[in-house]
Structure formats: structure tokens, C-alpha cells
1. Hey, any hits in region C:119-131 for a residue that's away from chain A (no Cβ under 14 Å), among the polar types (S, T, N, Q) and either surrounded by fewer than 20 Cβ atoms within 10 Å (Cβ to Cβ) or part of a helix (DSSP H, G or I) (or both)?
2. Could you run through region A:55-83 and say how many residues are closer than 14 Å to A:Lys44 by Cα and among the basic types (Lys, Arg)?
3. For C:Ala465, are the conditions met, namely being hydrophobic (A, V, I, L, M, F, W, C) and buried (at least 24 other Cβ atoms within 10 Å of the Cβ)?
4. Among the residues of region C:132-142, count how many are more than 10 Å from every other protein chain (Cβ to nearest Cβ) and either of a type in the set (Phe, Trp, Tyr) or surrounded by fewer than 22 Cβ atoms within 10 Å (Cβ to Cβ) (or both).
5. Which count do you get for residues in region B:145-180 that are of a type in the set (A, V, I, L, M, F, W, C), touching a helix residue (DSSP H, G or I) at 6+ places or on another chain (Cβ under 6 Å), outside any helix (DSSP H, G or I) and within 15 Å of B:Thr209 (Cα to Cα)?
6. Would you point out the residue of region C:151-170, among those that are among the polar types (S, T, N, Q) and more than 10 Å from chain A (Cβ to nearest Cβ), that is farthest from the chain's Cα centre (by Cα)?
7. Working carefully through the options C:Ser80, C:Ser114, C:Ser90, C:Ser73, find the one that is over 27 Å from C:Gly430 (Cβ atoms) and within 14 Å of chain A (Cβ to nearest Cβ).
8. Is there a residue in region B:102-122 that is within 13 Å of chain C (Cβ to nearest Cβ), in a loop (DSSP other than H, G, I, E, B), in contact with a helix residue (DSSP H, G or I) (Cβ under 8 Å, 6 or more places away or on another chain) and without any contact (Cβ under 8 Å) to a residue 40 or more places away in the chain?
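Coordinate-derived values only; no laboratory data. Source: prediction; values computed, not measured. Here the Cβ is made from the backbone with ideal geometry for all residues, glycine too, and neighbour counts use every protein chain on show.
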Amino acid sequence: MRKLKVYLLTGRTIEQGKAKEFGKTSNLYKDSVAVCYIDPSDMKTLGIKSNTPVKVSTDFGSVVVRAEKSSRGSHPGVVYIPYGPWANQVVDPETHGIGMPSFKGVPAVLEPVPGEKVKEIEELLRDSFGEGSKR
Amino acid sequence: MALLIRNGYVYDPMNGIDGEKMDILVEGGKIVDKLKSAEYEVIDASGMIVMPGGVDIHSHIAGSEVNAGRLLRPEDHAKDVELKTEITRSGVGYSVPSTFTTGYRYAKMGYTTVMNPSMPPLEAKHTHEELCDTPIIDKATYPLLGDWWYVLEYLRDGKIEECALHVAWMLYATKGYAIKIVNPGGLEAWGFGRNVRDIDDPVPYFNVTPREIIRGLCKVNKLLHLPHTIHVHTNNLGKPGNYETTLQTMKCVEDLSSGDKPCIHITHCQFSAFKGVDWREFYSGAEDIAKYVNFHKHVTLDKG
Amino acid sequence: MRKIENVICPVCGSLCDDITVYVEDNRVVEVENTCAVGRAKFLNYGLHRKPKPLIRKNGELKEASIEEAVRRSAEILTESKYPILYGWSSTSCEAIRVGLELAEEIGGIIDNTSTVCHGPSILSIQDVGIPSCTLGQLRHRADLVIYWGSDPYSAHPRHIERYTVFSEGRFQKSGWRSFIRRLSGKLVKKRLSRVAELILRRKLTFPEEKYALPPYFISEEERKLVVVDVRKTRTAEVADYFLQVKPNTDYEVLQALRMLVNDQDLEVDEVAGIPVKTLEDLADLMISCDLGILFFGVGLTMSKGKLRNVDAALSLVRDLNKRTKFLIMPMRGHYNVTGANVVFTWQTGYPYAVDFSLGYPRYNPGETSVVDILRRGECDAGLVVASDPVSNFPASAAKTLVDNPLIVIDPDVTPTSMMADVVFPSAYIGIEAEGTAYRMDHVPLRLKKVVEPPPNCLPDQEILARILREVRRIRRG
């Protein structure tokens, strides 16, 4: 399958802002943040359509999210995943001595992964953190 | 334990005592004429000044601009720290101390009251929240009213009574103690990056002069019988030659005083008392200002 | 049904104070004037809240009384050597004050969400300073509004209509008229070109001038909106001018503009792919306005350069003040993150990342900031108030938080509360409890209570006060 080198941005969207008020365990929330907005020309290069699974990998991890065509003009080589537990699997935790991780402009690799599933929040947390403190 | 403070020079304005050498007796939490107890502590105040309290009439201790100062000086807080104790909170000092430290240090110096002299009305709540976290000392604060749009418009139109009504409401709403005026007209001009050159330079867009603002608020102050006069930070503060502006500011309300009561207070006057034409050649104009103040009862000032 | 006016919306840093709320049977049933996010909060609050406090027993979260949860929390905090108290940006100033007292009592680190948001901006402000103002000044005076690395449409939806280009002020009119004109102009152009194509029987092409500023720009008197971003956001779509920059190149573009504003020549033809001619036109625009404002967002703080990007922006605006009146303001995200910075600063001298472990406040972002402490694995307990770091921190940092005893005070169920050891469902500030919050421009506003909270949902301030009392009781022995 083809892969593409991109820059990953994470941030807010109005849909994510609304959906979080419906509860972070809701499907509405998951649909609003377990998603990657991709430039249409990049989607063509990779041969993928909206609403199919893609894997975003960085030096810090990888995560499977749903691909969506971006309507934010032309921005080839830049992908956008809204803030949330999915995005934070792959952002750069390095704070460069000032406390602030790198949530934007992280070099990443994008590839279609047909057949793979986007994890539900409980599964994502379990795989990421184990069971948490077991006292 | 009863207390005898012996032989000091006592200043007690409310009771008309003006530097008399006398003893002060304290018992049961009150000042008394005679001590009942046989045992008492003695403080030898020979050569010292004894005052009923310490009142700082103008000290920036609370509010948005003070907090901005704290924010901008992390490196200097690190030099001066206060540890938490059983009964006190921790804090930092040096150029702009944190609030708990401010209260404790003022109290340790013997101050009993501190007036926070400028409170932007829109952010009055911030000033009061910080004052609430300033322990021990009594406090009050003065809202900035000299460039408030409603005041400028009323004074431009000569509506002193309407202005007084509005100012009364502002003092109530902001829980303020006195009318503070800073660089009258200049603060509004700063909205577009400009300033006023002297007390007769009209404020851009508002067609009212600093002289009219000062006189108008002086009249308002009298109408409202406020406990303090208008508290004025003059135009041209810090500029060589500004002593003339200060003299003009004091003169412009000379006719508004009644009897011997002051009707204007010039604050931190040392910065408004420069002679000379530029930074190379400036020198003190304090003598001219002092001469004026000594012969006119309507002005009070603090050096700052 | 009760109608309550002038309610303040407890969501983003815009802190809109013109909301009307309709209450029936102790529930908000309708709201007016909110944006989509505010509406979602007012109409859906509490629907996913657990009704009672929870304590993890044998790996599972079980219901408990408030007293038990308070006791367990106090035990966790007093047993810990280096606890973290985090969050604070979505709760009241009153709660933050108790939080600071608690952190000081247990000798912990207290940090707020600035640490992963505008912390770098604060560091830059401490280096450079900041010429700023309140939002009302902009509504009245600003004729040039720039959003750089910020997309109000997504995070502060009513910002433009309340405070900037689409608002009416004493000295400026709303820009919506020119917006409508431009929109009609675009539609007319589209239709005319369709007609022309039909007549000429061929496709028309218009030369793409990707970076050129519109010709009317400097002369036209109405307010202007400029957006600088890496993608054409929805805010960019309503802008008079949109400048697209490549990711991680804001620093060069800002410094290039600084040089132009300072009358220096650029010895190159383009900077980060943008023609110098465009930058010159933009610099002219900035110099010739009456009052300009540069709003910047996490596009600057989170990408390469971080605080240096903000450094450049602050310096640019400082330099612009030699030529005209120009101001700058960070777009603060949460409704009381500014309040957290303000309260922290007045009580401790420092705005975030405050370490009380030596008995007095210390501040060194990079050392005393939460993400770094978590990455170094140094904290051994956590108290999170009104925040969701398990969702919003890089996973490797969140792991330390999860691996240690964790107390959460939050009205909502979040991934953080799902991984906690003690959970307090609290009351929603601004809906079920009163509180003070500071808008992004430092104006303090009093949030209202419009309905009663359920019995086990106390305001954050009260829960923290009880934990503090219990901590003191344990420490006295």
C-alpha cells in the first residue's frame, strides 16, 4: 500500500467542541476526534476515500482513525486530527525545556489500512495505559 | 499585658496632637489615661515618633496592572521568598510582592491601612479579590474616573449634577473610596496612541480639556461630600519641565475650595516636579511647588 | 418557565455575557445567543455525570459517600511525596484559591492548562513584554484585525461578532457590509463568467495570484479581517485576506515583517515561499491602520519554535507601535485559564508550574511543569480538577498520571475520570454554581447559578475545602 510523508496538526474543531459536551464516551465525540482530515490531492495519491481507516504513525506511536476529505482549501502534505485521546497517541511529547509538548507540525507517515478498525475509547485507553492504578 | 510607650513624639491628627512629647498607655486593648495593672511592659520611645496607625495613602498593591508587574518579574521573585509557617502563607517579594507577603510585611512595618490608588473600573473585581487576599491591614481603593467616557461626556456638556449621580453610582458599584484621576484626558488619548500636552489640550474625539475634567470632578467631589479630595496624577508625569503643568493643575481649582479645606491632592509629586528642558539638563522644581503649597490651603500632596 | 438574562457562558475564553437562559423544572430547556458549543453545554450538561462519588476498590470504581471519598483523597495526598494538582482552567477563581492553599499545605506542584497551551506565550511575555488592552477597546477602535495561527470559528465562535470585525463600536462600524459586498461580488463574478463562457464557447481562465492582496485594501475605510494560517480555515473564508503559510515557518514570516516595519530591506525574493512583495503590502497595511490587533493562537505556541514564535509576534507588535497603535492578545481557550494564571500570580508570584515542595513557591517551566514531571516519572499522586489530561496530554505523559493514585474532581465523565482512583462529580460552574472567571482579556466576570445541582454534586471549591480540612486533620495527627 502507498504511504505518504506528511506534517500532522492537532487542534480544535467546532464539531469536537460541541461533541465533548455530549460526553467523551459518546459516539458523537469519537466521530469528531478519531478522524484525520486529508487534502483531496493526497487522498487521490493514496487512492483512498472518505470514511475509510487510515493509520497515522510518528516516532512516538501510531493510531488508526477515519479518513475524511478536508474542505480547508489546498494543503497537500498537511493532515489534521482534532484534539483528543486518538491524536495524543502520536504527538511529540518533547517539551524542549519549556514545558510545552509539540502538538502541531509533527512529521508523520500516513497510510491506508483497509480492514483495520478504529478503536473505541475504552479499548484505546486499555491498550495505552493498562488498567491504571490497581489499588 | 498592659503597655507604656514612654517619652515619644506623638502625632494624633484626630485629637489635635502635633508632635507633643508624651506617654501613651494601653490596657485591655484600648488607649487609657491611667493603667490599672501593677505590671506592664515598657517601650522607651525617646527620640521616636509615635502614631496611632500607619496610613499609606498611595501604594499599588492590588489589581490588574500590579499583577502584570508580578508576572513580568519571575527572576526577581526568586531572590526574595517567604516560607510557609503554621500561621502564614508562603510568598515572594522584591519589586512586586505577592499578596500575602504584602499584608504581612506592611503589618510588620507598623502600617495599619494601605490605599490602593488605581483601580480600572471594569476590572474592579480583580482589585478587590487581591485586596481580600492581602491579610491584616485595612485597605481601600480608588477607581479611575478621569477618562471614563460617561464622565468625559457629562463634563463636556457641563452636566455636573448628572456627572455626580453617575460618579456616586460608580463608587458604589466598584466599592471605591475616592475619585482617582490619572493623566486626565491622556488615558483616553492613549486609546489611539496619543497623549495630551498640557491641561488645555483637548482630548481627541471628546472635545473636553484636562482642565475641565479636573475642575468638573472637583465640583462633583464637593457635591458628594466624599471623605477624600480628588486624587490626581498630573499630566506630563516624568517629563523634564513638568513642574509647570503641576502648578497649573493646582491653580486650576483654587477658586473651588471652601475655607481651609483642601480640594485637590497631587500624588507622587516628586515625578511631577522636574524643571529643565530635556534629560540632560533637568533638575528639581520642588522648591517652586513647595512654595505654592505652603501658601495655598486647597492643595495637599504626597511625595511618592 | 423562568427567563434569566445576562447569563455568562462557561465554555471558552470569550466569556460571552449576553446569554439568555430558560429554566423549567430545575433544568435549562432553551438558550439564546450562544454559539453551537455553548448551546451544547447548556442543553446537555450533566446527562453523562455519575450521580455519586466513586472509589476504586479491587480494580473497579464503586459508589461511595462524599466523606469516604474525601478521606481517601486526603490519605492519598498526605502519603505522597511529590503530588501534582492539575487543571484549574475550567473552574472558578474561588476554587483555584483553595487549590493553591491545598498545594502549599501538601508541598506539591500546582499547574494549570496554560502549560500545554499558552505557556510559551507567557514565557515570551516575560521576556519581551506585551502591548495589550481589553476587548471593548478593540470593538470600539480596531480597524485592522489579524488572527494568526488561530481559528475563532472552531474555538471562539462568537469572537468576531462580539468583539472584532462584525461588531459595532464607537469609532468603527461592523464589517459585515463589506463582507456581504464581497460575497455578492464573488457570486456576480461567477455568474458573469458562466455567461461569458457560454457566449464565447470556451472555458475562461483567471491568472492565479496566490498571494496578492486585494487592490482596495489600504484605501478602504471599513474594518479589515486578515487571517494567517496553514490551512484555509472557516475563519479564513470570511476574511478580507488570507495568507497561507507552511507549517513551522511562522517565525521567519514574522521576523521578515519586523524587518520591513523597521524599514530594513529583505535581501531575498521570498520568505518561506511567500513573495516579499506580499509581505511588503502586508507591512504597509499594518503601518497604515488606526489601531491594529494581532490575535494569536496555539498555531504559534505548539509548532516549531514555540515561544520564539510568540517572541517574534510580540516584538513585531512592539515595533509597529513606533508607527501606529498596535496591540496583541493571545486567544485563551478555556473560560477561566486566564483566571488560573491571574490567581496563581497574585498568590505565588508565578502564573503556572508552581512548585511548593520546598515550602515556598518556585517556578521553572521545563522543570516544574506537569508534562515534564510526568515524563520523568517523578510524581507519585495526582489531583485533577475540571480537566482531562488523559485525553489531552501526550500518551507517555498521561501514563504516569494513570499509573499513580489519581483523584478527579469533574462534573463530566472523561477518560481521566475513567482511569481515576477517586472521582467526585462536581457542580457545573456557571450553571449549577456561582463563581468568578476572567475573560481572555483579564476582565473578571461573575458566573451565575441558574439551577440547583443534584445533592451529591458540590461546587469544586467546597470539595477542595473538605479535602484540605481532612489533610490538615491527618497531618496534625
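1. No.
2. Counting residues in region A:55-83 that are closer than 14 Å to A:Lys44 by Cα and among the basic types (Lys, Arg) gives 1.
3. Spelling it out, it is not the case that C:Ala465 is hydrophobic (A, V, I, L, M, F, W, C) and buried (at least 24 other Cβ atoms within 10 Å of the Cβ).
4. 1
5. Count: 1.
6. Checking each candidate, the answer is C:Ser167.
7. None of the other options fit; the residue is C:Ser80.
8. Among the residues of region B:102-122, not one is within 13 Å of chain C (Cβ to nearest Cβ), in a loop (DSSP other than H, G, I, E, B), in contact with a helix residue (DSSP H, G or I) (Cβ under 8 Å, 6 or more places away or on another chain) and without any contact (Cβ under 8 Å) to a residue 40 or more places away in the chain, which makes the answer no.
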